Structures are given as C-alpha cells and as structure tokens.
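Before any comments, here is the structure.
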Amino acid sequence: DQQVKQNSPSLSVQEGRISILNCDYTNSMFDYFLWYKKYPAEGPTFLISISSIKDKNEDGRFTVFLNKSAKHLSLHIVPSQPGDSAVYFCAASAQGGSEKLVFGKGTKLTVNP
Amino acid sequence: DAGVIQSPRHEVTEMGQEVTLRCKPISGHNSLFWYRQTMMRGLELLIYFNNNVPIDDSGMPEDRFSAKMPNASFSTLKIQPSEPRDSAVYFCASSFYGVRAGFFGQGTRLTVV
C-alpha cells in the first residue's frame, strides 16, 4: 500500500505560469513533509519542507501548502521557469521515525519556454 | 564538500554474481540511508544507520541484501547472489542525526542480466 501518492505522473506548464504539484498521504502519523527535485542522472535534491503544525511554508518561488484534514499537500512554483523542469518527489515522515522518509513516485514537470 | 559520493556510477553484472555498492557520506553526517528506485515501486528506503549502527532494515527486500557501515565515512550495500529484478538505481543519502532532509548521492545504476 502506498502511503504517499502523487497521482499525476506528469505536468506541463508554460514559462511564467504557476505549477501546482499535488500529493496525498494516508498515514495520520506523518508529521513532517518534504519536496525533493530530481534532474536526470542526479540524486534527489531537497527543495522545501513543512511541519504538520503549519499549513504553509514559503521559500522564494516555492510554496508548500498542507491540508491536514484532507491529508493533502501541494507545491506551488510561481513563476515557473524552464530550469524547474525535473521530477518532483513528495516525502513524509512519522513521529518517532523521524529520519525514515516515505516517498511518492514523483511527478515529472515540464516547463515550456 | 564533495557531497555524498557513490561508486560505481554504473554496474552491469550477470545473474548470480555478487554486487557491492559503495557510499561515502558527507563528512560530519551521522545518519546514512540506502534507497532503491524502480519504476514499479518508486523510491523506497532499504536501510538506515545512525552513528554507524543499523536502525531500521525493514525495507531490505531479502536476505540476499546486506548493508554495513564499518566507520563514519564508509558504507556498503551488497547483493549476493544478484537477480535481474534487482536492476534499479540505488541511492545513498546522509544527514545530521534528527535532520529529516537528507543529501543524496548521484546513485548507482545497477543492471543484472
């Protein structure tokens, strides 16, 4: 059973527009959520995170929103740039298992010039 | 810092052979993680160490897989004997203890024929 789900395998967006990547989770014990970005032939790179005590965290063009009641989080990229084209992974960790991350399968974002 | 260093970058081996993947974590980091990425299962945690001690190996698929961390600067993941279904990209990541966002290496692409 997948505890972290990214239901959209791919997303295509025009440069300058908003990209919204979605993630759902099932485990109510998750209390910390992360987004990683991955370019081909490279390892994932940490992008932004959010604790379950917050509902929003912002870092430059990247904002993560958390809706605990819906067990849903989303990553907003505004404005999108061609260099943002990559695979984005959502990850979560549970109380008591702090370092153990459970990843979604990823969403491939393509930003068209 | 050079980041997390994995070797080899690519490995092609025949079914039944022993395979050893290597990882050098970022200096000073005391948590180390081994992940496997496949199309079917996505990115999944195999095992992680804190201060060279294995903490959770519940993700190790079978007894054919073993991991060691003899010191703070080196870890190995061994598959013996290897099988075609072990073909995947294996990532190593490291972090400071308690920090949930790890730094990933570039991965080892393993192909078992």
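The values are calculated or read from the model by the stated rules, or taken from the named source; none is laboratory data. These numbers come from a predicted model, not from an experiment. Glycine gets a Cβ as well: all are built from the backbone with ideal geometry, and neighbour counts include every protein chain shown.
Some observations on this one:
- Candidate set: segment B:35-68, residues that are under 25 Å from residue A:92 (Cα atoms), touching a Ser or Thr at 6+ places or on another chain (Cβ under 7 Å) and not aromatic (Phe, Trp, Tyr); chosen: the one nearest to the other protein chains (Cβ to nearest Cβ): B:50
- Among the residues making up segment B:76-113, none is under 12 Å from residue B:34 (Cα atoms), assigned to a loop (DSSP other than H, G, I, E, B) and more than 14 Å from every other protein chain (Cβ to nearest Cβ).
- Subset of segment B:37-54 [assigned to a loop (DSSP other than H, G, I, E, B) and closer than 20 Å to residue B:107 by Cα]: B:39, B:40, B:41
- Counting only residues that are farther than 15 Å from residue B:93 by Cβ and either in a strand (DSSP E or B) or touching a residue at least 40 places away in the same chain (Cβ under 8 Å) (or both), segment B:55-71 holds 5 of them.
- In segment B:79-102, residue surrounded by the fewest Cβ atoms within 10 Å (Cβ to Cβ) [restricted to those that are of a type in the set (Gly, Ala, Ser) and within 17 Å of the chain's Cα centre (by Cα)]: B:87
- Any hit, segment A:12-30, residues being among the basic types (Lys, Arg) and in a strand (DSSP E or B): no
- Filtered residue count, segment B:20-36, keeping only those that are under 10 Å from the mean Cα position of the chain (by Cα) and not polar (S, T, N, Q): 8
- Every pair of residues 6+ apart whose Cβ atoms lie under 6 Å, when the first sits in segment A:13-29 and is within 18 Å of residue A:81 (Cα to Cα) and modelled with pLDDT of 95 or more while the second is hydrophobic (A, V, I, L, M, F, W, C) and outside any strand (DSSP E or B): A:18/A:78
- Residue identified as acidic (Asp, Glu), farther than 25 Å from residue B:107 by Cα and out of contact with any Ser or Thr (no Cβ under 9 Å at 6 or more places or on another chain) among A:55, A:31: A:55
- Residues satisfying the stated conditions in segment A:72-102, i.e. at pLDDT below 95 and assigned to a loop (DSSP other than H, G, I, E, B): A:95, A:96, A:97, A:98, A:99, A:100, A:101
- The residues of segment A:56-70 that are under 14 Å from the mean Cα position of the chain (by Cα) and not in a strand (DSSP E or B) amount to a single one, A:61.
- The lone criterion from (1) more than 25 Å from residue B:99 (Cα to Cα); (2) touching a residue at least 12 places away in the same chain (Cβ under 8 Å) left unmet by residue A:40 is number (2).
- For residue A:49, the conditions (1) free of Cβ contacts under 8 Å to residues at least 24 places away in the same chain; (2) touching a Cys at 6+ places or on another chain (Cβ under 9 Å) are fulfilled apart from (2).
- For segment B:1-24, a residue qualifies if it is among the aliphatic types (A, V, I, L, M) and surrounded by 17 or more Cβ atoms within 10 Å (Cβ to Cβ), and the qualifying residues are B:4, B:19, B:21.
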